């Protein structure tokens, strides 16, 4: 098998296409229309029309970090049957042509590609260069000169719009970062407040009542008083000298501790566990 054939390379996203005849550099090629992606041209057919080496270009496209995103595997009729081929989305073709060395194309295509890439140098300079509106040679033809000025105006407008959009997105990113920072600070403050805020009176009473319930039922079962020991163990486990000094953030932990004691001391007595509604206080 050809090591550079479509079938031998890593799999790309596949789509079920419709087909349409399109003109490409004077040739009629079959394009695929992909739902959600638009038109795409088979890479091999496009290379043949340009006089390029299909295997080499296919390898370059797959290795290019940007262009590989424009490749799709599609099924197209070839030789009376459907075969999987690699196609490139039409919106990626202008950039692909910008990366092709003119010496690699056919002699007929070379002057066209040189002109295209020369124009692209000017367009990219106007969009990304240091000057907002660099000077250019003005055509002696008034009609052409007017069109060139119109093009220059549109490129300036496009650049300003792009820069405005970029600034807006940067501002949104900064705002998002600030909001994240504020949320982090608020969360930290809430944790600090909980650490220094005692449980509410109703919660204090719920904890006290739950411990007494375990102690009473244990005494009923064994005849031994247990409340004083349970209270001492509770204070040690929770790091608090009394119920009303228990930090608010330890309320659930306190109920869990009481449940564990109830299960250990009275494993067959579910009524010894803290009541469910006390967890909702």
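Assorted remarks:
- Test: residue 151 is under 28 Å from residue 61 (Cβ atoms) and modelled with pLDDT under 80: no
- Residue check for residue 236: in contact with a helix residue (DSSP H, G or I) (Cβ under 7 Å, 6 or more places away or on another chain), surrounded by fewer than 18 Cβ atoms within 10 Å (Cβ to Cβ) and modelled with pLDDT of 90 or more: no
Matching residues to (1) over 17 Å from residue 45 (Cβ atoms); (2) at pLDDT 90 or above; (3) assigned by TED's automatic domain parsing to the domain that holds residue 61:
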site	(1), (2), (3)
85	no, no, yes
90	no, no, yes
96	no, yes, yes
99	yes, yes, yes
107	yes, no, yes
110	yes, no, yes
116	yes, no, yes
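Yes or no, residue by residue, for (1) in contact (Cβ under 8 Å) with a residue 12 or more places away in the chain; (2) in the same structural domain as residue 116 (by TED's automatic domain parsing); (3) within 31 Å of the chain's Cα centre (by Cα); (4) not in a helix (DSSP H, G or I):
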site	(1), (2), (3), (4)
44	yes, yes, no, no
47	no, yes, no, no
58	yes, yes, yes, no
69	yes, yes, yes, no
73	yes, yes, yes, yes
76	yes, yes, no, yes
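- Checking each residue in segment 78-95 for being within 28 Å of the chain's Cα centre (by Cα) and either over 15 Å from residue 31 (Cβ atoms) or surrounded by fewer than 16 Cβ atoms within 10 Å (Cβ to Cβ) (or both) picks out 91, 94, 95.
- For segment 154-205, a tally of residues being touching a strand residue (DSSP E or B) at 6+ places or on another chain (Cβ under 9 Å) and modelled with pLDDT of 75 or more returns 4.
- The set of residues in segment 241-270 being crowded, with 17+ Cβ neighbours inside 10 Å, modelled with pLDDT of 90 or more and assigned to a helix (DSSP H, G or I) consists of 254, 255, 257, 258, 261, 262, 265.
- Of 48, 59, all but one fail to be under 19 Å from residue 106 (Cβ atoms), surrounded by 12 or more Cβ atoms within 10 Å (Cβ to Cβ) and at pLDDT 85 or above; the exception is 48.
The values are calculated or read from the model by the stated rules, or taken from the named source; none is laboratory data. Please read these numbers as outputs of a predicted model, since none were measured by experiment. Here Cβ is always computed from backbone atoms with ideal geometry, including for glycine, and neighbour counts include all displayed protein chains.
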